[in-house]
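Data block below; observations after.
Only the coordinates and a few stated rules stand behind these numbers; no lab work does. Every value quoted in this text rests on a predicted model; they were computed, and no experiment measured them. Cβ sites come from the backbone with ideal geometry, for glycine too, and all protein chains shown count toward neighbours.
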Amino acid sequence: MFVRNAWYVAAWDHEMTRTMMRRIVLDEPVVLFRTTEGKAVALEDRCCHRQAPLSMGKLVGDIVHCPYHGLQFEPSGACVKVPSQDRVPASAKVKSYPLVEKNHWLWIWMGDPAKADPALIEDFHWLDDPKWRYGGNYLHVPSNYLLLVENLLDTTHLPFLHPESLGTGSFARSEFDVTREGDRIQVSRYDMDKPPAPFHKQMGEFPDGLNVDRWQIAHFAPPCFVKLDVGSAPAGSGMRQVTDRGSRWMNMWNLNAITPETEKTAHYFFAQAYNFKLDQQWISDMLAKQVHDIFLQDMAMVKAQQINMDLRPTPAPVNLGQDKAWVAMRGIVDRLVKEEQQQAKAA
Amino acid sequence: MFVRNAWYVAAWDHEMTRTMMRRIVLDEPVVLFRTTEGKAVALEDRCCHRQAPLSMGKLVGDIVHCPYHGLQFEPSGACVKVPSQDRVPASAKVKSYPLVEKNHWLWIWMGDPAKADPALIEDFHWLDDPKWRYGGNYLHVPSNYLLLVENLLDTTHLPFLHPESLGTGSFARSEFDVTREGDRIQVSRYDMDKPPAPFHKQMGEFPDGLNVDRWQIAHFAPPCFVKLDVGSAPAGSGMRQVTDRGSRWMNMWNLNAITPETEKTAHYFFAQAYNFKLDQQWISDMLAKQVHDIFLQDMAMVKAQQINMDLRPTPAPVNLGQDKAWVAMRGIVDRLVKEEQQQAKAA
Amino acid sequence: MFVRNAWYVAAWDHEMTRTMMRRIVLDEPVVLFRTTEGKAVALEDRCCHRQAPLSMGKLVGDIVHCPYHGLQFEPSGACVKVPSQDRVPASAKVKSYPLVEKNHWLWIWMGDPAKADPALIEDFHWLDDPKWRYGGNYLHVPSNYLLLVENLLDTTHLPFLHPESLGTGSFARSEFDVTREGDRIQVSRYDMDKPPAPFHKQMGEFPDGLNVDRWQIAHFAPPCFVKLDVGSAPAGSGMRQVTDRGSRWMNMWNLNAITPETEKTAHYFFAQAYNFKLDQQWISDMLAKQVHDIFLQDMAMVKAQQINMDLRPTPAPVNLGQDKAWVAMRGIVDRLVKEEQQQAKAA
């Protein structure tokens, strides 16, 4: 079960072209394309007539032609022509999903279109902010999407799953605090006066032997967004005392949107934004690749978890202190799903 | 659910040899072979003893030897020898399916053998008529068999799915009439004074620029047979007024038998018969290959439909005027299935 | 459903090393490894925290480190360290399965550990007896494990499935007797004064033209053990009259342990022990390979049976005289499963 009344990321902006692309979102087939004027469109990828995938058809101007019997649909989803007859039945239409292009991502709304307020789109302004650059990418997730949200909310896994890049032994014991504001969760970690993680050392060009104060503040917003504010400053430079550390020292935002595909698979959109060496394009490219490779280690892990969870009966998991965040996250998502179902029943 | 009391095509005659062949029909495993005298036999491909597939065994004379414990079965399905003991239990037998060789196809009856009247076999005399030749072939269908029956009953898809061979833009708007006689359905289409379809132009050797009057009369018989009487005559030659147009002008019969394998797969037997240039063998070969390639486009389509239909919930389809034929077809098949179930319950 | 309170073979001793190995047993993921002192350990391969497979982690000394968040488990299954916090929750542990190394096999107990009495381990002393040598191997079974137990209890299949090695036409009609002692079944076969099976001729170096008296005594012990005492002596040498034929003539014990992996797959551990030409190492190697190849024929058969049984509805099987043994075997295993379920309900 998924939260339907929510904005999810359906694609990167550069994935959206004049070539129709099929992507299953929340168990529904969706076709994505751009109009001649460049506007992004998302339609149900299942003709209302005989369920053929429109993505196998043709895009002529802004009109999608079904590959099977040639029905024509405009971006609103309305059928505007049935080649075999004069009359177009009033019921002939496919779903057109609210789709908003913002911060280089295409945001889709799979629920009640009347509720699709663009103001609800989660903030990912870093991807558009001239003070930032980023490297971004996509991965297919071989598990339920929440296993990946958990992964991002419990970064004590860094020293174990990513020791050669993100972890340092001390990080699992870093100071840790979970706060909540409505349905948003914040997980703060500080690891003071320690050798930098290999990745941070590389990005910050810290000299050998220098210890750093590292911060990592994870921001969760339902149903599937995690933004990690991360950075390292030379130890003792007063990083925790200032409110503008992101502009003073090496700072990156690891930005994550995980969109359910089916109950056991998902789409993973992510970017690593940074605010230093902005004149050096190679850093964006390197980050896109490097974070992708690090996240492949996470993909192997969530896949293995999914397999183990599917071997029934599965023992109830033992929760640790660090699990406070994702336990709250699961509670929020479960409640939102339940609320939607009750609203649907009431309606 | 399938209609069981009906003749289905199980194989081409040339597929039946002294080498046993396994084929699943209506969810049952069947082994097909010929006796030393050439008679075609269909037995359950599942030994009555421990369910081993007989097709993995040996055919010695007319006796099938089970690969596992050597039980021997005669073409009637009766077990005639149990190597490990003298006595052959009376219950030791496998199903022997009524199997009739007619018109180059092997017709199998999966239901009550007492009802297997060969007079009920659907007429495909073209495959044996000296006034006709044909090219035929087989394809495995990656969907429920009825999606392919629908495909053949609604040929307004030709200009869209097969534009380079069978379609012309006008064909989707051709004159159209559906008539019904008992459980048989006839769908007539006439497309007058139009450029010929590429395939018709090639077969009819029509000169460039010549318009034609095209006819296409589809004959459905339950549960899974569609025969298309198709042809083109020079425009204005009075094609519609005569009753013997098939013998006057370029005429082909596209002959189709689709046999359910499982709920989501099927066997497709088809042939393209023609009554011109009978002295030219290459036409048969070319037709077998060319129609096969065209039908591969249909296989891709029904597979994509099946995938989309399996993504639940699927919206209810919108029916168009052209769907009259397959809506009637579905009604007939559903009623026949229900009648059989009621008879089974009553018995 | 499986018998849980029983010893099953989990691995060959040489498979157990300092590299962790995952194996699913009775639908549960298990990780197998040796401690620094060489003791074999079996833990649940599913971390109690977030279900990660421990086998993807590290073995440091005798402590298993979870690959995900670094939890550390000792061979008892107790969690001894949680890197992210001081406190180790009392509930933090994974199952540690009783595991006994005996006769070159690792014996695992998947049920109630309190009942895991090593005295209940099935006897396979041949694998350790200096009067015997053996060739052994492993195969993955593509069917329910009981189909393979059946296979071994009804060796009338030898002349049909393995004619080039184990069968002789007469063997299916050999004298046959089934006796039962508690939950143990013995199936005796004698085939007197017949040409030797190819494999026996080879192993016994019988001269051309010599007839032999062959014996085959299968011993079944629940839930999944079959030991076949087989041999051939020159015809007329009084083989049946003596009680020590195993030491007088060419004798082999075919030793089989089949461990359920899932309802439709299993692990097959087997060995061919022999008591002649003990100074010739090549015989062990040859037997390991040759019996493996013969058993691949059985794997193809049980896979084909499983496929045919999954095509529903499957007709009820016809039982023959030779099926007395496996009918009794099924009855015993079914009863043991039911007894366990009743005990579990009562508890």
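Under the rule of -39500 (n - 2.57) per DSSP H run of 4 or more residues, summed and divided by the residues of the protein assembly as shown, what mean residue ellipticity at 222 nm is obtained, to the nearest 500 deg cm²/dmol?
My calculation for the protein assembly as shown gives -7000 deg cm²/dmol from helical runs alone.
Across peptide B:36-48, what mean number of C-beta atoms from other chains lies inside 10 Å of a residue's C-beta?
Rounded to a whole number, the mean comes out at 2.
Select from A:41, A:230, A:242 the residue whose mean-square fluctuation is largest in a Gaussian network model of chain A (Cα-Cα springs shorter than 10 Å).
Highest fluctuation of the listed residues: A:242.
Just the number, please: Stokes-Einstein D of the range C:7-120 in µm²/s, Kirkwood Rh from C-alpha pairs, 25 °C, 0.890 mPa s.
173 µm²/s
Springs between alpha-carbon atoms under 10 Å, Gaussian network over chain A: tell me which of A:308, A:254, A:275 tops the mean-square fluctuations.
In this elastic network of chain A, the residue with the biggest mean-square fluctuation among A:308, A:254, A:275 is A:308.
Separation between the residue A:58 and residue A:330 pseudo-spin-labels, each 7 Å from Cα along Cα→Cβ, expressed in nm?
Between residue A:58 and residue A:330, the simple spin-label model gives 5.2 nm.
Count, for each residue of A:182-188, the Cβ atoms from other chains sitting within 10 Å of its Cβ, then give me the mean as a whole number.
0
Which distances in nm, rounded to one decimal and ordered from shortest, link the label point of residue B:37 to the equivalent label points in the other identical copies, with labels set 7 Å from Cα toward Cβ?
Computed spacing set for this position: 7.9, 7.9 nm.
Between beta-carbons, use under 9 Å as the cut-off and find the net charge around residue B:39, counting Lys and Arg +1, Asp and Glu -1.
Taking every Cβ under 9 Å from that of residue B:39, the sum is -2.
Using the Karplus curve 6.51 cos²θ - 1.76 cosθ + 1.60 with θ = phi - 60°, work out ³J(HN,Hα) for each residue of the range B:18-30 in order, rounded to whole Hz, and write x for Gly and Pro.
Going residue by residue, I get 7, 9, 5, 10, 8, 8, 7, 10, 6, 6, 10, x, 10 Hz, with x marking Gly and Pro.
Using +1 at the Cβ of each Lys and Arg and -1 at the Cβ of each Asp and Glu in chain A, identify which of A:167, A:311, A:36 lies farthest towards the dipole's positive end.
Going by the charge dipole, the pick is A:36.
Divide the volume of the convex hull of the Cα atoms of the protein assembly as shown by its number of residues and quote the answer in cubic angstrom per residue.
Dividing the Cα hull volume of the protein assembly as shown by its residues yields 239 Å³.
Using a label point 7 Å beyond Cα on the Cα-Cβ vector, give me the inter-copy distances for residue C:205 in nanometres, one decimal, shortest first.
8.0, 8.0
Would you calculate the separation in nanometres between label points at residue A:263 and residue A:87, each defined as 7 Å from the Cα along the Cα-to-beta-carbon direction?
4.2 nm
By the gyration tensor of its Cα atoms, with a ≥ b ≥ c the square roots of the eigenvalues, what is the shape of chain A: rounded for a/c under 1.5, prolate for a/b over b/c, or oblate?
Prolate, since a/c reaches 1.5 and a/b exceeds b/c.
Hull surface divided by four, with the convex hull built on the Cα atoms of the range A:267-347: how many nm²?
9.5 nm²
Charges at C-beta only: +1 for Lys and Arg, -1 for Asp and Glu. How large is the resulting dipole of the range C:125-337 about its Cα centre, in Debye rounded to 20?
180 debye
So what is the orientation-averaged projected area of the range C:78-184, using the convex hull of its C-alpha atoms, in nm²?
If I average the Cα hull's projected area over directions, I get 12.5 nm².
If you take every residue apart from residue B:313 with its C-beta less than 10 Å away from the C-beta of residue B:313, what net charge results, scoring Lys and Arg +1 and Asp and Glu -1?
Charge balance in the 10 Å sphere: -1.
Towards the positive end of the charge dipole of chain A, with charges on Cβ (+1 Lys, Arg; -1 Asp, Glu), say which of A:127, A:69, A:152 has the farthest Cα.
Result: A:69, furthest along the dipole toward the positive end.
Order these peptides, C:67-73, C:55-61, by their mean beta-carbon neighbour count within 10 angstrom, highest first.
Highest mean packing first, the order is C:67-73, C:55-61.
In the protein assembly as shown, if the dipole is taken from +1 on Lys/Arg beta carbons and -1 on Asp/Glu beta carbons about the Cα centre, which of B:99, C:60, A:252 is farthest to the positive end?
In the protein assembly as shown, that residue is B:99.
Among C:173, C:50, C:248, which one shows the highest mean-square fluctuation when chain C is modelled as a Gaussian network with alpha-carbon springs under 10 Å?
Judging by the Gaussian network model, the answer is C:50.
Hey, got the dipole for the range C:7-120? About the Cα centre, +1 on K and R Cβ, -1 on D and E Cβ, debye to the nearest 20?
300 debye
Report the calculated FRET efficiency for residue B:27 and residue B:181 (r = Cβ-Cβ distance, R0 = 35 Å), to the nearest 0.05.
In this case the efficiency is close to 0.70.
Partner chain Cβ atoms within 10 Å, averaged over the residues of C:103-110 - can you pull that number for me?
Per residue, the number of nearby Cβ atoms from other chains is 0 on average.
Please check chain B for the longest run free of GluC sites (Glu not before Pro) that are loop-located per DSSP (anything but H, G, I, E, B) and have at most 14 other Cβ atoms within 10 Å.
B:38-163
How far apart, in nm, are the 7 Å Cα→Cβ label points at residue A:190 and residue B:18?
Output for this residue pair reads 8.9 nm.
Tally Lys and Arg at +1 and Asp and Glu at -1 over the other residues with C-beta under 11 Å from the C-beta of residue B:80: what net charge comes out?
Here the charged neighbours net out to 0.
Among the listed pairs A:115/A:289; A:39/A:303; A:81/B:324, which have their C-alpha atoms separated by more than 29 angstrom in this model?
Pairs exceeding the cut-off: A:115/A:289; A:39/A:303.
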